[in-house]
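Okay, so here's the structure we're looking at.
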Amino acid sequence: MNLADLFKQRLHHDPSSPLVTYYDESSGERIELSATSFANWVNKTANLIRDEMGLSEGEAIFLDLPLHWQSLVWVQAAWELGITIVTTPSASLIVTSQANAHNFSEVELMVLSLRPLGLPCNTELPQQAMDYARVVPGHPDYFSGPSISAERTAFGAKASHADLIHAAQQLDYPPQTRLLTSNTALDQETLVREWVAPLLALGSVVVVAGSPTAERIEAIASSEKSTYLAS
């Protein structure tokens, strides 16, 4: 099984239930995406990466992003294509936030606003940058990707699809775990604990950004009927 298969397994198990719920305490945002809605974003993004950016299996992207519902879309879209997520900007494509866009001079630069509801950027971007919110809507929400080996590298230099799934299996989350996290990192450990493992459990994830207090975390965990994972 590869990570694209794992996502499809979760999607087919319960397409209408929440898969990703995102809170931003700094803006008051709350957005909830069912497995079907999330899959539509993944499919559009995978088509964007392949058809507009020209990337294919075996290439790499650098995600200069925090843990966010849209960064999880990009993670899954990359894996659907057999593309590796790397930890340095020496990649075929750099994906960053509007706050960090001017840190890069590469031509292949995709910028996410990270504003509520996935709105377009509201700051001036580098001339070579593309605004994700403006270019992704025109892409199809159906995607047929390549047949990906479980040994294809998924993250960093060595971690394969099979490696990440094996690491998630060791966590042994209960069935249909609804996991809440206030972590902000987008690294291999986080993706295993807070994305791959919930998918494996046919569960879901609640991401709370914006430096929530302990009391607020407890309140959200209670209202979302989730299990809190400390950051």
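Label sites at residue 57 and residue 31, each approximated as a point 7 angstrom past Cα along Cα to Cβ, lie 3.1 nm apart.
One chain, two ends: residue 13 and residue 219. Fully extended at 0.36 nm per residue, the span grows by 71.3 nm beyond their Cα-Cα distance. For residue 154, the residues whose amide H sits under 5 Å from its own are 159, 160, 161, ignoring neighbours fewer than 5 places away on the same chain, with H placed 1.01 Å from N. Charged neighbours of residue 98, selected by a Cβ distance under 13 Å, balance to -1 (K, R count +1; D, E count -1).
For each of 85, 31, count neighbouring Cβ atoms within 10 Å of the residue's Cβ, then give the residues from fewest to most. Mind showing how you got there, number by number?
Numbers: 85 23, 31 16.
Ranked by crowding around the Cβ, least crowded first: 31, 85.
When the charge dipole of the chain is built from unit charges on Cβ atoms (+1 for Lys and Arg, -1 for Asp and Glu) and taken about the Cα centre, the candidate among 205, 89, 161 whose Cα reaches farthest toward its positive end is 205.
Counting only DSSP beta bridges with both residues in the stretch 3-229, the antiparallel share comes to about 25 percent.
Among the GluC sites (Glu not before Pro) in the stretch 35-138, those placed in a DSSP loop whose Cβ has at most 11 other Cβ atoms within 10 Å are 124. Extension gain, residue 176 to residue 211, is 9.9 nm, computed as 0.36 nm per intervening residue step minus the present C-alpha separation.
Got a sec? How would 1, 130 order by Cβ neighbour count within 10 Å, fewest to most?
1, 130
Quote to one decimal, in nm, the extra length available between residue 128 and residue 90 on full extension: 0.36 nm per residue of separation minus the C-alpha distance between them. Don't jump to the answer; show the numbers that get you there.
Details: separation 38, 0.36 × 38 = 13.68 nm, distance 1.69 nm.
Going from the current span to full extension adds 12.0 nm.
Residues of the chain were split at every exposed loop site, defined as trypsin sites (Lys or Arg not before Pro) in a DSSP loop with at most 16 other C-beta atoms within 10 angstrom, and the longest piece left, sites excluded, is 1-157.
Between residue 119 and residue 227, the distance separating the two model label sites (each 7 Å from Cα on the Cα→Cβ line) works out to 3.7 nm.
For the chain, a crude dipole built from +1 on the beta carbon of Lys and Arg and -1 on the beta carbon of Asp and Glu, taken about the Cα centre, is about 320 debye to the nearest 20.
FYI, it's all coordinate maths here, none of it is from the lab. All of these numbers come straight from a predicted model, not from anything done at the bench. We place every Cβ from the backbone using ideal geometry, glycine too, and count neighbours over all the protein chains shown.
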